[in-house]
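A.B. asks: Would you mind keeping the following structure in view while I ask a few things?
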Amino acid sequence: MTSASAAAPPPPERPVLEPDEISRALTRIAHQVAERNKGTDGLVLLGVPSRGVPLARRLAERLEQVEGTPVPAGSLDITLHRDDLRLRPARALERTEIPPGGVDGRTVVLVDDVLFSGRTVRAALDALADVGRPRAVQLAVLVDRGHRELPIRADYVGKNLPTSLREEVRVLLEELDGEDRVLIRQGAAGAGA
Amino acid sequence: MRRHLLSTQDLAYDDALLVLDTAAELARVADRPVRKLPTLRGRTVVNLFFEDSTRTRISFEAAAKRLSADVINFSAKGSSVSKGESLKDTALTLEAMGADAVVVRHQASGAPHRLAHSGWIRGAVVNAGDGTHEHPTQALLDAYTLRHHLAGGRGDLAGRRVTVVGDVLHSRVARSNVHLLHTLGAEVVLVAPPTLLPLGVEGWPCETSYDLDAVLPKTDAVMMLRVQRERMSTAGGGYFPSAREYSRRYGLDAARLAALPEHALVMHPGPMNRGLEISAEAADSPRSTIVEQVANGVSVRMAVLYLLLGGSEPAIGTDDTSGGAA
């Protein structure tokens, strides 16, 4: 994340989603996905690294509890498709793991932690097109913080969080950070996804 | 700050692993319906080959094209270089054409280094083999192949023993491999006739031996180097008495293949002299990774080009690595 302004100590972070709220949001999204797709037949969940991946796995587990059949989940790294590659130092690649069976003819639900400018999702759509041809693509995010720069919207949203551009949203997940929490902080502009 | 890949000695442990991990991800692109990524769109990669090497050039070309870079192949033969143009003037021409990276193969050791540090060009320089000095991407693809088979495709090569056999004196592949494999924690043994071991080899981070049969049972991979036929006679330097004698003492034949441990790999950077340094049985045996090495070469070169050109700053070759966090 971006560093705070030089002299002053960083302003405190304020929690906006607690562990039980994250859990409820994911359960709700799982039900919405099953409802809208009339079950889980032909569904594939693909998380965008890094925090979309554990979220996709959790959604897949919940969908299995709801519908009783396993739902394939994987990950889709978008690094090589980013439009800001040249603005930052070259970075290490994350893992792309397409579940066996691929995405051809299936409904892919892209899963990410925060929806912001929409550029990550655009890159993910490009990356997905290189992997195969899904029947349809839907988007699930834990937090929609607004400020879109592209005509993209999410199909499933855990929490709509109106933010200012100066604020920073940080999602913590048990699998990667040891705890579930979404935090917001007043601070440097232009941070995050 | 460095932004070139000139030698495996420049690659720190973390850099080497970053290249191998990146190559592993990029290798998966080859399995997709669309084998192309938009990552280097609009960038120009020049393959500047003063010495013939079709396979290395094609490998770099395929790697650059899979990343959507524009590729210009510049071969010294039939170009103004054969009319006497200097390296400097060639470099200035490439700079004027806007080359973002120059992949250079040269018969003189140190030519890529000169190109990188002279200030003639601003782009990244990748050494694709210079004289008897280094061939870093070959060593990286060898390390990638070794890691795939001996370490499950992850981490380093700690505790693995690699035997490099043959003309070490003239081999840039051997030189690059010794340093990289050492960085990755493997033990390297060089086996060659005394005449084909370079002066100063005692200072290299490896062991040496004249006796292949003694080394084979304790080796996890044996890497055969090409013998240049023109070096065999007295006129060519007289490094060994005859091809037959070399083959008998240092060639990998069926008997020696059987002396290797069950899991050991047979490697060769190509092109092979079948029947001289390697028998057809060894070259075609199931434990031979020779064809696989070619495929891995494309992935490794994609990784190098991506890491040098993919961002505003290179991710490898810098002195203070800031880590690969996204």
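A.B. asks: Select from segment B:58-86 the residues that are hydroxyl-bearing (Ser, Thr, Tyr) and open to solvent by less than 60 Å² (accessible area, probe 1.4 Å) and write down the one among them that is nearest to the other protein chains (Cβ to nearest Cβ).
C.D. replies: As a first pass, look at segment B:58-86 and keep what is hydroxyl-bearing (Ser, Thr, Tyr): B:59, B:68, B:75, B:79-80, B:82, B:86.
Filter again for open to solvent by less than 60 Å² (accessible area, probe 1.4 Å), leaving B:59, B:68, B:75, B:79-80, B:86.
Numbers: B:Ser59: 19, B:Ser68: 10, B:Ser75: 29, B:Ser79: 31, B:Ser80: 33, B:Ser86: 32 Å.
Per the stated criteria, the residue is B:Ser68.
A.B. asks: Evaluate segment B:103-118: report whether one residue or more is of a type in the set (Lys, Arg) and buried (at least 20 other Cβ atoms within 10 Å of the Cβ). Reasoning before the result, please.
C.D. replies: Start the filter on segment B:103-118 by keeping residues that are of a type in the set (Lys, Arg), which leaves B:105, B:114.
Now drop any that are not buried (at least 20 other Cβ atoms within 10 Å of the Cβ), which leaves B:105.
So far as segment B:103-118 goes, yes, one or more of its residues are of a type in the set (Lys, Arg) and buried (at least 20 other Cβ atoms within 10 Å of the Cβ).
A.B. asks: Within segment A:115-122, identify whether any single residue is surrounded by fewer than 19 Cβ atoms within 10 Å (Cβ to Cβ), over 16 Å from the mean Cα position of the chain (by Cα) and assigned to a loop (DSSP other than H, G, I, E, B), and answer yes or no.
C.D. replies: No; the residues of segment A:115-122 include none that is surrounded by fewer than 19 Cβ atoms within 10 Å (Cβ to Cβ), over 16 Å from the mean Cα position of the chain (by Cα) and assigned to a loop (DSSP other than H, G, I, E, B).
A.B. asks: So if I check each of A:Asp77, A:Asp83, A:Asp112, which one is under 26 Å from A:Glu168 (Cα atoms), at pLDDT 95 or above, more than 9 Å from chain B (Cβ to nearest Cβ) and not in a helix (DSSP H, G or I)?
C.D. replies: A:Asp112 is the lone residue from the list that is under 26 Å from A:Glu168 (Cα atoms), at pLDDT 95 or above, more than 9 Å from chain B (Cβ to nearest Cβ) and not in a helix (DSSP H, G or I).
A.B. asks: Which of the numbered conditions does B:Gly251 fail, given that it passes all the others? Conditions: (1) touching a residue at least 40 places away in the same chain (Cβ under 8 Å); (2) open to solvent by less than 30 Å² (accessible area, probe 1.4 Å); (3) not assigned by TED's automatic domain parsing to the domain that holds B:Ser68.
C.D. replies: Against the list (1) touching a residue at least 40 places away in the same chain (Cβ under 8 Å); (2) open to solvent by less than 30 Å² (accessible area, probe 1.4 Å); (3) not assigned by TED's automatic domain parsing to the domain that holds B:Ser68, B:Gly251 comes up short only on (1).
A.B. asks: Can you tell me which residue is surrounded by the most Cβ atoms within 10 Å (Cβ to Cβ) among those in segment A:129-167 that are acidic (Asp, Glu) and modelled with pLDDT of 95 or more? Step through it out loud before you land on a result.
C.D. replies: From segment A:129-167, those acidic (Asp, Glu) are A:130, A:144, A:149, A:155, A:167; that's our starting set.
Checking which are modelled with pLDDT of 95 or more leaves us with A:144, A:149, A:155.
Values: A:Asp144: 21, A:Glu149: 10, A:Asp155: 16.
In this case the residue turns out to be A:Asp144.
A.B. asks: Give all pairs with beta carbons closer than 7 Å in which a residue from segment B:73-98 that is in a loop (DSSP other than H, G, I, E, B) meets a residue that is at pLDDT 80 or above and not basic (Lys, Arg); count only pairs at least 6 apart in sequence or on separate chains.
C.D. replies: Final answer for the pair search is B:Ala76/B:Phe49; B:Ala76/B:Phe50; B:Gly98/B:Thr44.
A.B. asks: Separate question: Mind counting the residues in segment A:143-176 that are part of a strand (DSSP E or B) and over 20 Å from A:Arg51 (Cα atoms)? Before you say what the answer is, go through the steps one by one.
C.D. replies: Within segment A:143-176, the first condition is being part of a strand (DSSP E or B), and the residues that meet it are A:143-144, A:156-160, A:167-172.
From what is left, the residues that are over 20 Å from A:Arg51 (Cα atoms) are none.
Number satisfying all stated conditions: 0.
A.B. asks: In segment B:170-185, how many are open to solvent by 10 Å² or more (accessible area, probe 1.4 Å) and assigned to a helix (DSSP H, G or I)?
C.D. replies: Our first condition is that a residue be open to solvent by 10 Å² or more (accessible area, probe 1.4 Å); within segment B:170-185, this holds for B:170-173, B:175, B:179, B:182-183, B:185.
Those still in the list that are assigned to a helix (DSSP H, G or I) too: B:172-173, B:175, B:179, B:182-183.
Summing the residues that are open to solvent by 10 Å² or more (accessible area, probe 1.4 Å) and assigned to a helix (DSSP H, G or I) in segment B:170-185 gives 6.
A.B. asks: I'm trying to understand the selection: among the residues of segment B:206-222, which are open to solvent by 40 Å² or more (accessible area, probe 1.4 Å) and not polar (S, T, N, Q)? Don't jump to the end; show me each part of the working.
C.D. replies: Taking segment B:206-222 and keeping what is open to solvent by 40 Å² or more (accessible area, probe 1.4 Å), we get B:207-208, B:210-211, B:213-214, B:217-218.
Listed by number, the residues that qualify are B:Glu207, B:Tyr210, B:Asp211, B:Asp213, B:Ala214, B:Pro217, B:Lys218.
A.B. asks: Only one of B:Asp52, B:Asp21 is modelled with pLDDT of 95 or more and either in the same structural domain as B:Ser80 (by TED's automatic domain parsing) or assigned to a loop (DSSP other than H, G, I, E, B) (or both). Can you tell me which? It would help to see each step written out before you state the result.
C.D. replies: On the way: B:Asp52 fails: modelled with pLDDT of 95 or more.
On inspection, the qualifying residue turns out to be B:Asp21.
A.B. asks: Taking B:Leu40 and the conditions (1) within 14 Å of another protein chain (Cβ to nearest Cβ); (2) open to solvent by less than 20 Å² (accessible area, probe 1.4 Å); (3) outside any loop (DSSP other than H, G, I, E, B), which numbered condition does it fall short on, given that it satisfies the others?
C.D. replies: (3)
A.B. asks: Got a number for residues in segment B:186-205 being more than 17 Å from B:Glu134 (Cα to Cα) and surrounded by fewer than 23 Cβ atoms within 10 Å (Cβ to Cβ)?
C.D. replies: Going residue by residue through segment B:186-205, those that are more than 17 Å from B:Glu134 (Cα to Cα) are B:186-187, B:189, B:191-195, B:202.
Narrowing the set further to residues that are surrounded by fewer than 23 Cβ atoms within 10 Å (Cβ to Cβ) leaves B:187, B:189, B:193-195, B:202.
The number of residues fulfilling the criteria is 6.
A.B. asks: Turning to a different aspect of this structure: From the list B:Val298, B:Val304, pick out the single residue that is more than 14 Å from chain A (Cβ to nearest Cβ), within 30 Å of B:Asp10 (Cα to Cα) and modelled with pLDDT of 95 or more.
C.D. replies: On the way: B:Val304 fails: more than 14 Å from chain A (Cβ to nearest Cβ).
The match here is B:Val298.
A.B. asks: Listed residues A:Thr27, A:Thr69; which is away from every other protein chain (no Cβ under 12 Å), part of a loop (DSSP other than H, G, I, E, B), among the polar types (S, T, N, Q) and open to solvent by less than 70 Å² (accessible area, probe 1.4 Å)? Explain how you work it out, then say what you get.
C.D. replies: Working: A:Thr27 fails: part of a loop (DSSP other than H, G, I, E, B).
Only one candidate qualifies: A:Thr69.
The values are calculated or read from the model by the stated rules, or taken from the named source; none is laboratory data. This structure is a prediction, so every number in the text was calculated from the model and none was measured. So basically every Cβ, Gly included, is an ideal-geometry build from the backbone, and we count neighbours across all protein chains shown. Remember, those area values only see protein heavy atoms, side chains included, never the ligands or the DNA or RNA. Shrake-Rupley method; radii C 1.70, N 1.55, O 1.52, S 1.80 Å.
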